[in-house]
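Participant: Here's a structure for you.
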Amino acid sequence: MARIQNRIVLFLGLSFSSVAMAQQGATDRSIALYQVRAAASNNATDYDKLGAAYVQKGRETSDFAYYDLAEKALTKSLALTSSMDMSAAAPLTHMAATYMAEHRFAEAADYAQRALALGSGDLSPFGLLGDAHADMGDYDQAAQDYEKLLLHLTSQEPSRGLVFMHDSRVSYLKFIHGDNAGAIELAKKATNAATALHLPAENVGWTYFQLGEYLFQAGDISGAEAAYQEALTALPGYYRGLSGLAKVRVAQQKYPEAIDFYKKAIEEIPFPDYIAALGDIYTKIGEKEEAKKQHDLVEYIGYLSSLNQRAYNRELAVFYADRDVKLPESMALAQRELELRRDVYTQDVLAWSLYKNGKLKEAAATMDKALSMGTKDAMFDFHAGMIHRDMGDTDGARDYLRRALAINPHFHIFYADAARRALEEMQTNGAAKLEGASR
């Protein structure tokens with residue numbers, strides 16, 4: 001995997017930063033410790049702790065190789081433990097977290113349920129079970145899973161850990177159901193809890209990043225910027241915080257600064273989304289060769305390994321659809337992703353891909369599924385607006401495009417302007433028709 005990362009680095013002309021290496025030191029020490037202890041003791045607990053350390057390392061690096069190592073260590077832990085032994089709950093829970101990271105949502109749900117069945121008193125599997133159901137698009141079941149956490153909050157002295165576990169997850173459901181204000185409120189509570197609990201810096205940074213995402217979606221650019229900055233305060237050099245600030249700078253049309261932030265984020269983790277966004281900025285400012293270099297790299301990473309292909313189906317599908325290239329492949333990728341998770345974001349990507357492939361009726365029906373929860377994401381409304389425009393539903397198209405711009409007038413480097421142009425064209429065409437009819 002290191003050789004693969006080096007090839008990516010050479011392609012980008014970048015090097016991994018010392019910040020990234022330093023921030024992962026504690027996790028590396030845990031891995032080294034439990035590698036030695038597990039080999040010497042052949043003990044289930046040591047293998048479980050080694051697996052948990054690999055999961056954390058995977059979170060920090062987004063390197064899927066660590067999840068493969070976690071699975072092997074946790075499998076060994078479970079082999080050394082009776083399936084009816086309460087101590088098996090920990091490796092079962094960590095295995096659920098591993099499968100969540102690998103987008104194996106049904107298996108993650110199964111392992112979380114097996115952990116809960118042992119009655120160890122650990123409530124974290126409820127969170128993982130809810131996460132798996134949310135990614136599979138079963139939001140009602142996810143809400144019920146998270147409700148179990150809430151029951152414990154109200155039936156006993158609430159711990160900060162339970163508060164964090166509940167609030168950080170339910171905030172996402174509130175966002176999905178269109179309650180952006182409620183999502184932001186709970187996300188703020190989660191950041192406070194994460195700080196008070198002295199969680200690992202990456203976990204604290206992630207809660208601030210999540211808050212920033214909700215604020216950005218709501219069109220609060222300055223609030224989002226502050227949240228992303230807090231993420232970087234919690235974890236200097238944090239790739240998600242850097243990508244958030246890049247997105248803010250794009251909204252502010254400060255493209256050189258946006259480029260710098262995306263480059264720093266990609267130095268840490270070369271996510272396809274970040275590289276595609278960097279390429280879009282270069283396209284915007286007319287640097288076509290640099291844009292092509294970044295866009296070529298998106299495909300390279302997307303097909304790097306079998307795990308990458310499973311994890312990045314959706315990203316590649318929308319990447320192709322946005323650029324009107326490989327459109328049949330875009331549709332196939334989106335349909336493949338729908339087999340793994342039937343959430344509103346996969347429905348949205350499939351609808352957009354169907355639209356770009358000229359399948360308007362199917363696109364509209366799929367877009368209705370994406371919008372069925374009431375999610376206030378400007379991109380959803382933009383996609384719906386363009387689909388309805390091309391179907392000849394001018395009134396519906398206007399409503400969707402106006403809603404997109406009302407949610408966030410800076411939602412995309414190209415599509416915010418495209419929404420305005422489409423509205424102007426429809427208004428001009430409508431006026432021309434009225435004038436012609438009056439003659």
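Participant: Counting just the residues of segment 276-299 that are β-branched (Val, Ile, Thr) and at pLDDT 95 or above, which one comes out nearest to residue 324 (Cα to Cα)?
Facilitator: 283
Participant: Shifting gears a bit: Given the options 227, 231, name the one that is part of a helix (DSSP H, G or I), in contact with a Leu (Cβ under 6 Å, 6 or more places away or on another chain) and crowded, with 21+ Cβ neighbours inside 10 Å.
Facilitator: Every option except 227 fails the conditions.
Participant: Also, quick follow-up: From the set of residues in segment 72-95 that are in contact with an Asp or Glu (Cβ under 8 Å, 6 or more places away or on another chain) and not β-branched (Val, Ile, Thr), which is nearest to residue 36 (Cα to Cα)?
Facilitator: Checked segment 72-95; the qualifying residue nearest to residue 36 (Cα to Cα) is 73.
Participant: So in segment 253-275, with the set limited to residues that are of a type in the set (Val, Ile, Thr) and assigned to a helix (DSSP H, G or I), which one is modelled with the highest pLDDT?
Facilitator: Only one residue tops the list, namely 259.
Participant: Same structure, new question: Name the single residue, out of those in segment 201-257 being among the aromatic types (Phe, Trp, Tyr) and touching a helix residue (DSSP H, G or I) at 6+ places or on another chain (Cβ under 6 Å), that is farthest from residue 180 (Cα to Cα).
Facilitator: Applying the filter and picking the extreme gives 255.
Participant: Can you pull out every residue in segment 234-249 that is touching a residue at least 24 places away in the same chain (Cβ under 8 Å), over 19 Å from the mean Cα position of the chain (by Cα) and under 18 Å from residue 215 (Cβ atoms)?
Facilitator: Within segment 234-249, just 234 meets the criteria.
Participant: Can you go through 38, 20 and tell me which one is buried (at least 21 other Cβ atoms within 10 Å of the Cβ) and either at pLDDT below 95 or assigned by TED's automatic domain parsing to the domain that holds residue 124 (or both)?
Facilitator: Among 38, 20, only 38 is buried (at least 21 other Cβ atoms within 10 Å of the Cβ) and either at pLDDT below 95 or assigned by TED's automatic domain parsing to the domain that holds residue 124 (or both).
Participant: So is residue 237 in contact with a Lys or Arg (Cβ under 8 Å, 6 or more places away or on another chain), buried (at least 19 other Cβ atoms within 10 Å of the Cβ) and assigned to a helix (DSSP H, G or I) or not?
Facilitator: Considered against the rule, which asks whether it is in contact with a Lys or Arg (Cβ under 8 Å, 6 or more places away or on another chain), buried (at least 19 other Cβ atoms within 10 Å of the Cβ) and assigned to a helix (DSSP H, G or I), residue 237 comes out as no.
Participant: Report yes if residue 346 is part of a helix (DSSP H, G or I), in contact with a helix residue (DSSP H, G or I) (Cβ under 7 Å, 6 or more places away or on another chain) and not hydrophobic (A, V, I, L, M, F, W, C), otherwise no.
Facilitator: Yes.
Participant: Residue check, residue 410 against (1) assigned to a helix (DSSP H, G or I); (2) under 30 Å from residue 296 (Cα atoms), all met but one. Which one?
Facilitator: (1)
Participant: Right, here's the next one. For segment 311-320, does any single residue satisfy the condition of being surrounded by fewer than 16 Cβ atoms within 10 Å (Cβ to Cβ) and out of contact with any Cys (no Cβ under 7 Å at 6 or more places or on another chain)?
Facilitator: The answer is no; no qualifying residue exists.
Participant: Which residue is surrounded by the fewest Cβ atoms within 10 Å (Cβ to Cβ), if the candidates are limited to segment 92-107 and must be among the small types (Gly, Ala, Ser) and under 19 Å from residue 123 (Cβ atoms)?
Facilitator: 97
Participant: Any chance segment 224-245 includes a residue that's modelled with pLDDT of 95 or more and within 17 Å of residue 416 (Cα to Cα)?
Facilitator: So far as segment 224-245 goes, no, none of its residues is modelled with pLDDT of 95 or more and within 17 Å of residue 416 (Cα to Cα).
Rundown of residues vs (1) modelled with pLDDT under 90; (2) closer than 24 Å to residue 62 by Cα; (3) in contact with a Cys (Cβ under 9 Å, 6 or more places away or on another chain), yes/no style:
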{"site": "139", "(1), (2), (3)": "no, no, no"}
{"site": "142", "(1), (2), (3)": "no, no, no"}
{"site": "157", "(1), (2), (3)": "yes, no, no"}
{"site": "169", "(1), (2), (3)": "no, yes, no"}
{"site": "179", "(1), (2), (3)": "no, no, no"}
{"site": "192", "(1), (2), (3)": "no, no, no"}
{"site": "199", "(1), (2), (3)": "yes, yes, no"}
{"site": "206", "(1), (2), (3)": "no, yes, no"}
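Participant: Next up: Kindly check whether there is at least one residue in segment 367-376 that is under 30 Å from residue 256 (Cα atoms) and either surrounded by fewer than 16 Cβ atoms within 10 Å (Cβ to Cβ) or in contact (Cβ under 8 Å) with a residue 60 or more places away in the chain (or both).
Facilitator: Within segment 367-376, one or more residues are under 30 Å from residue 256 (Cα atoms) and either surrounded by fewer than 16 Cβ atoms within 10 Å (Cβ to Cβ) or in contact (Cβ under 8 Å) with a residue 60 or more places away in the chain (or both).
Participant: Can you say whether residue 72 is in the same structural domain as residue 33 (by TED's automatic domain parsing), among the basic types (Lys, Arg), out of contact with any Ser or Thr (no Cβ under 7 Å at 6 or more places or on another chain) and surrounded by fewer than 18 Cβ atoms within 10 Å (Cβ to Cβ), as far as the supplied structure shows?
Facilitator: Here the answer is yes, as residue 72 does meet what is asked.
Participant: If you don't mind, another one. Evaluate the following for residue 282: is it assigned by TED's automatic domain parsing to the domain that holds residue 171 and touching an Asp or Glu at 6+ places or on another chain (Cβ under 6 Å)?
Facilitator: It is false that residue 282 is assigned by TED's automatic domain parsing to the domain that holds residue 171 and touching an Asp or Glu at 6+ places or on another chain (Cβ under 6 Å).
Participant: Report the residue count in segment 196-224 for those that are within 21 Å of residue 55 (Cα to Cα) and assigned to a helix (DSSP H, G or I).
Facilitator: 10
The values are calculated or read from the model by the stated rules, or taken from the named source; none is laboratory data. Being a predicted model, the structure only gives us computed values, none of them experimental. Virtual Cβ from ideal backbone geometry, glycine too; neighbours counted across all protein chains shown.
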